[in-house]
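Bear in mind that the values in this text are calculations on the coordinates, not laboratory data. Model, not experiment: these values are computed from the prediction. Quick reminder, even Gly has a Cβ in these numbers, built from the backbone with ideal geometry, and neighbours come from all protein chains shown.
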Amino acid sequence: MQNQKFNLTGKTALITGAGGLLGVEHAAALLECGAHVVLTDISAGLLAAAHERLGASALLVEVFTMDVSQPEQVAGVAQSLRAAGMRIDILVNNAAIDPKMKGGTGMVESTRLENFPLEQWNEQVAVGLTGAFLCSQAFGTLMAQDGRGGVILNIASDLSVFSPDQRLYRKAGLPDDMQPVKPVTYSVIKTGLIGLTRYLATYWAEQGVRANALSPGGVFNGQDEGFVQKLSSLIPLGRMAQRDEYRSAVQFLCSDASSYMNGQNIVMDAGRSAW
Ligand SMILES: NC(=O)c1ccc[n+]([C@@H]2O[C@H](COP(=O)([O-])OP(=O)(O)OC[C@H]3O[C@@H](n4cnc5c(N)ncnc54)[C@H](O)[C@@H]3O)[C@@H](O)[C@H]2O)c1
């Protein structure tokens, strides 16, 4: 590697939701920089698949099933890692529940604010926001305590800086009150993560713990053509992201390359928020 500031050799990064679309990419990005990665996810099956896809040396990858919304599971992983003599230098809070808005299922109207079920609010906030708090509490405290500092990266979304354009999710032939929408939880969780980022950035600054957020725009993952076209028309670069296009930002934010960046939110949206 040319710039030694990106070198993560000797560092260990824990990623939540590592079995998902972007979690694997974050892991690959950090492995590329020489980090040891700890993959965690609620789904053992997704974790196993992610581990296989990474194809990394077993010496560089640990895998733990962990539900970020369950404090005892988070504490259990922290304890297991400590018992194994491992220190987490980098925490990537990436886990989230991705609400699907398929439309016309008979269930879809429940994504609308008027009908949005409290249980779904609680469940999604518990993972996307409370989970980031619980992991930051468990692993950030350890980073701060031994004086060696660390990095917390919260994966937010371009929807942390603007409101969803609900026209994107409209389905032809459905009455207005049955139209699917991006649920309120997504905006609240992603905006909340920016507040958490700023709080953490100042709270442990003296202990050398930095916190930043990355706000990706939509990743192309086989969505239907109509949706992709509508979304692309809102993006100055005219397309959705490829899944690996956030890797370099993750490398920057998790390494000394960003040593003077703290409490910020990098919005990588191909210019959508500039329009
Ligand atoms: N994919 C995109 O277009 C996009 C765009 C902007 C932001 N993001 C954000 O990036 C992050 C990753 O998104 P993704 O597309 O990879 O989503 P994904 O749904 O593919 O992955 C999320 C992962 O989180 C895991 N998870 C769910 N509940 C959990 C829990 N309680 N504890 C631990 N793990 C849990 C899931 O099993 C899954 O593997 C999310 O925070 C998402 O909001 C994604």
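Details
- Extension gain for the segment E245 to A205, taken as residue separation times 0.36 nm less the Cα-Cα distance, is 11.5 nm to one decimal.
- From largest to smallest, the equivalent ellipsoid semi-axes obtained for region 162-222 from the alpha-carbon gyration tensor read 36, 13, 6 Å.
- Per-residue HN-Hα couplings for region 123-134 [Karplus 6.51, -1.76, 1.60; θ = phi - 60°; Hz; x = Gly/Pro]: 5, 6, 5, 4, 7, x, 10, 4, x, 5, 5, 5
- Neighbour counting of Cβ atoms within 10 Å sorts the residues V250, V63, fewest neighbours leading, into V63, V250.
- Environment charge of F116, counting only residues whose C-beta is closer than 12 Å and scoring Lys/Arg +1, Asp/Glu -1: -2
- Residue (of V77, A58, A48) at the positive-pole extreme of region 46-91, dipole from beta-carbon charges: A58
- Relative exposure of D269, D98, D165, judged by other C-beta atoms within 10 Å (fewest first): D98, D165, D269
- Filter on K11/K190; K11/K230; K5/K230 - keep pairs with C-alpha separation over 32 Å: K11/K230; K5/K230
- Region 1-156: relative contact order as a whole-number percent, Cα under 8 Å and 6+ apart: 24 percent
- Amide hydrogen proximity for R112: with H placed 1.01 Å from N in the peptide plane, the residues at 5 or more positions away or on another chain lying under 5 Å are V181.
- Stretchable slack from N122 to S259, in nm (0.36 nm times residue separation minus alpha-carbon distance): 45.8 nm
- Entry note, region 150-221: relative contact order of 52 percent, from Cα contacts under 8 Å with a spacing of 6+ residues.
- What you get for the chain, charging only the Cβ of Lys and Arg (+1) and of Asp and Glu (-1), is a dipole of about 460 debye around the Cα centre.
- Tensor-based shape of region 26-86 (alpha-carbon gyration tensor, a/c under 1.5 rounded, otherwise prolate or oblate): oblate
- Degrees between helix 71-83 axis and first principal axis of the chain (Cα, 0 to 90, nearest 10): 30 degrees
- Ranking A213, S187, G226 by Cα position along the charge dipole of region 173-232, where only Lys, Arg, Asp and Glu carry charges on their C-beta atoms, puts A213 farthest toward the positive end.
- Among V61, V127, a tally of other beta-carbon atoms within 10 Å of each Cβ gives an order, fewest to most, of V61, V127.
- Remark: C-alpha extents of region 156-275 on the principal axes read 57, 27, 24 Å, sorted largest to smallest.
- Prolate/oblate/rounded label for the chain (Cα gyration tensor, a/c 1.5): prolate
- Multiplying the residue separation of V228 and Q137 by 0.36 nm and subtracting their alpha-carbon distance yields 29.0 nm.
- Region 157-275 - percent relative contact order, Cα under 8 Å, separation 6 or more: 33 percent
- For region 35-183, the Kirkwood radius over C-alpha pairs fed into Stokes-Einstein at 25 °C and 0.890 mPa s yields D = 139 µm² per second.
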